[in-house]
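These notes concern the structure reproduced below.
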Amino acid sequence: MTLRRMFTCVSLLAIAGCGSDTAGKGRVAIVMSATAGGVASAAASAGLVDGSASTSSSHGSCAPGQALQAANATLSSILARTLEGKLTDVTIALPVTVDLLSLVNGKDTTLPVGYLPPGTYDQIVVVMTKVEVTLLDRTKVAITPPGGGWTAIVPVAQPFTVVDGQTTTITLNFRKDLSFGCGSGDWEFHPRFEFDHKHGG
């Protein structure tokens, strides 16, 4: 590998083993956005995590209706499920920290370019290992994750296809109204996203 090719690999991919990890794969551009909604008042309305509402986070004192200024979540891995039910890691430069509330305010975030083997996928899985919320008085509260972090399972109504040499753009819409709650005086986080396949090309 020439020096120029080496620098190109590092600058474009920013991941280890760029040649072997991405060869024969299609590019996936993941945009994080948000849908409208207010903060849920209780964990019961926060949606499902790992298929069960009993999986929750905790802690950090809160009051019902208390507003948030920021919510920084650290994404540690993203996976996609094939039609055959196989979960495949998206080759992508993570971890990345995203302010989920900035998405609600209209500031979309595009993650580093990811790569998947060619195929058709019907589910995205987002794993987060850390969430810290900032209150309006600038107090920062770390929400304790369950073991292994939070897992948001995002179903895909219309499966998307990844093609070698092409870029597939998808959007994960964050649902603020279903993701944060104040239960028993503690902040709770149940990450909820909706899938939007924008286009390929």
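The values are calculated or read from the model by the stated rules, or taken from the named source; none is laboratory data. Everything quoted here is computed from the prediction, not taken from an experiment. Backbone-built Cβ (ideal geometry, glycine too); neighbour counts: all protein chains shown.
Okay, here's what the table says:
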read-out: Subset of the range 142-162 (residues that are more than 17 Å from the chain's Cα centre (by Cα), touching a residue at least 60 places away in the same chain (Cβ under 8 Å) and in a loop (DSSP other than H, G, I, E, B)); value: none
read-out: Positions within the range 175-201 being at pLDDT 90 or above and closer than 27 Å to THR22 by Cβ, in sequence order; value: PHE193, PHE195
read-out: Qualifying residue in the range 76-87 (condition: aliphatic (A, V, I, L, M), modelled with pLDDT of 95 or more, buried (at least 18 other Cβ atoms within 10 Å of the Cβ) and out of contact with any Asp or Glu (no Cβ under 7 Å at 6 or more places or on another chain)); value: yes
read-out: Count of residues meeting criterion [among the aliphatic types (A, V, I, L, M), crowded, with 20+ Cβ neighbours inside 10 Å and out of contact with any Leu (no Cβ under 8 Å at 6 or more places or on another chain)] in the range 149-198; value: 4
read-out: Selection within the range 129-141 - closer than 17 Å to ALA70 by Cβ and within 13 Å of the chain's Cα centre (by Cα); value: LYS130, VAL131
read-out: Residue check for VAL133: of a type in the set (Val, Ile, Thr), touching a residue at least 12 places away in the same chain (Cβ under 8 Å) and either touching a helix residue (DSSP H, G or I) at 6+ places or on another chain (Cβ under 8 Å) or under 24 Å from THR91 (Cβ atoms) (or both); value: no
read-out: Verdict on ASP89 being within 15 Å of the chain's Cα centre (by Cα), within 17 Å of VAL28 (Cβ to Cβ) and touching a residue at least 12 places away in the same chain (Cβ under 8 Å); value: yes
read-out: Enumeration of residues in the range 100-141 that are part of a strand (DSSP E or B), exposed (fewer than 14 other Cβ atoms within 10 Å of the Cβ) and touching an Asp or Glu at 6+ places or on another chain (Cβ under 9 Å); value: LYS140
